[in-house]
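Everything on this sheet refers to the single structure shown next.
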């Protein structure tokens, strides 16, 4: 862990290794609790550990750690190890969100591996067990996601934060969990209710992704350093804009991304019928200028599209100008977010790190 020397940059390989070390140590410490519950629980806990440690950019811990540094946190200080462990706990919240999201979206792969519910569905079939294999897989995955969320709290409380730091951290932690669940519920309702508006898609982005990915992690770090209200406000402005831009990039990758890079089938967002800003903007334009294209989009999304049908929808989205619109939004949001952090009281080093992290998040290919 980069607790003693603090030499690892917030987005560097050293920091990622430190987060993964903290997570590995946490899982090891939990084995004594897990084993008495029996083999099924051991198997579930091992699946969660593999899921968490299998990959990921550790984006949320990176923003939390950088938020702490930007508010004057000392990476060589005695509290650094506890802070890093608390930041690493965000990966368990992320695991919960991803495992449950894959169930909701009926996704079959994640990072080029079977999703958790598909993995346990396969285990059920291989063992020739009674009952419906798909239902079993979904049931186990729901519980594993719940376990991840419960253990995220456990990791924070076991991190070694002092009582004052924990009391500042806890309210923001609670808000973040509520917001991400609320954003997911807005997303589900949007798909079921057919809300095609750009405004609805942006609201989902705000709570499902932006607050949880950038803004609240920064606020958690700021709270641990007991930052002033002005820095909280700057982190909010930066986090909202960069977080939404991050999701907009994800929307584009969900339609145009290379499966070899993203780890998910190409065009999955179209098959799942996701109400993204990309789709909402395309429908807004099609309703005004091309009713045939609007009908094609509305009757195609959320269905089992072939590769050729996905390619046709990609062309329609591009021809309508929706792709250019989303790229423009990403650029504008990124510029505005960077301006907010540049004029803040964050440390110079943190400003540089946040700029690099923002550009990496909004220009990524996976």
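Read the figures in this text as sums done on the coordinates, not as results from a lab. Given the structure is predicted, the values throughout are model-derived calculations rather than measurements. Here the Cβ is made from the backbone with ideal geometry for all residues, glycine too, and neighbour counts use every protein chain on show.
Some observations on this one:
- Note on the chain: GNM, Cα springs under 10 Å; of 325, 290, 187, the largest mean-square fluctuation is that of 290.
- Rounded to the nearest 500, the 222 nm mean residue ellipticity of the chain from helices alone is -23500 deg cm²/dmol, with -39,500 (n - 2.57) taken per DSSP H run of at least 4 residues.
- Averaging the Cα positions of each part gives two centres, and for region 278-345 and region 143-213 these lie 25 Å apart.
- Residue of 273, 230, 131 that the Gaussian network model of the chain assigns the largest fluctuation, springs spanning Cα pairs under 10 Å: 131
- Using the Cα coordinates of region 1-161, the gyration tensor eigenvalues translate into equivalent-ellipsoid semi-axes of 33, 16, 12 Å, sorted from longest to shortest.
- Gain on full stretching of the segment that runs from residue 288 to residue 324 - 0.36 nm per residue minus C-alpha separation: 11.2 nm
- Full-extension gain in nm, residue 192 to residue 127, via 0.36 nm per residue minus C-alpha separation: 19.8 nm
- Segment residue 24-residue 135, length gained on full extension (0.36 nm per residue, minus Cα span): 37.0 nm
- Eigen-decomposition of the gyration tensor built on the alpha-carbon atoms of region 202-315 gives equivalent ellipsoid semi-axes of 35, 16, 9 angstrom, largest listed first.
- Residues 92, 185, sorted so that the one with the fewest Cβ neighbours within 10 Å comes first: 185, 92
- Rough spin-label spacing in nm, given labels placed 7 Å along Cα→Cβ, for residue 342 and residue 111: 3.5
- When only alpha carbons of region 162-366 are considered, Rg and Dmax amount to 18.5, 61 Å.
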